[in-house]
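Read through the structure below, which is laid out as structure tokens, and then see the notes.
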Amino acid sequence: MNQGEPFGCYRVELSAELLSFVERTFVETRAPAEREAARAEALAELRHAELVLEPSGAVVSRANGVEFLRVVVDRAELARDEFSFEKAPGVRVSVRRQDAKTLVALHPGKPLLTFRLT
């Protein structure tokens, strides 16, 4: 399905599965008095979550202008229908191109994350 250059900025889609994961992981684990603030913070971060594929081969995960991850993947790998990278020691993220404007990321322990080109 290789559909040309994949480079650009992709925004995460807020799926029901992702919102449920946020509730279980970041909200329900907090004291009741802290839950509303935790929910607001997590949702604000999600609304601005981006995955950027740079022509240099850099894969950048960021939100609200804060860079959480920067790894370099061979540029030829980024142009393939699937590529992967190590987020942390032993934690591998796989990314599949669904179409020319959509990436789906499989991150261990999280729901599938869909990103759309902006």
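Any read-out appearing in this document is the output of simple, stated calculations on the displayed coordinates, not a laboratory observation. Quick caveat: nothing in here was measured; it's all calculated off a predicted structure. A quick note on method: Cβ atoms are made from the backbone with ideal geometry, for glycine too, and the neighbour counts reach across all protein chains shown.
Descriptive notes on the structure:
- Net charge, Glu13 excluded, C-beta distance under 13 Å - Lys, Arg +1, Asp, Glu -1: +2
- Cut-off under 5 Å, modelled amide H: who pairs with Ala49 long-range: Val12
- Computed per residue of the chain from DSSP H runs no shorter than four, each worth -39500 (n - 2.57), the mean residue ellipticity at 222 nm is -5500 deg cm²/dmol.
- Relative contact order computed over the chain (Cα-Cα under 8 Å; 6+ residues apart), in percent: 29
- Label separation (Glu77 vs Ala16): 3.5 nm, computed from points 7 Å beyond Cα along the C-beta direction.
- FRET efficiency for Arg92 and Arg35, using Cβ-Cβ distance with R0 set to 25 Å, rounded to 0.05: 0.20
- Computed from the C-beta positions of Thr118 and Val66 and an R0 of 25 Å, the FRET efficiency is 0.90 to the nearest 0.05.
- Per-residue extension of 0.36 nm, minus the Cα-Cα distance of Glu5 and Glu45, leaves a gain of 11.7 nm for this segment.
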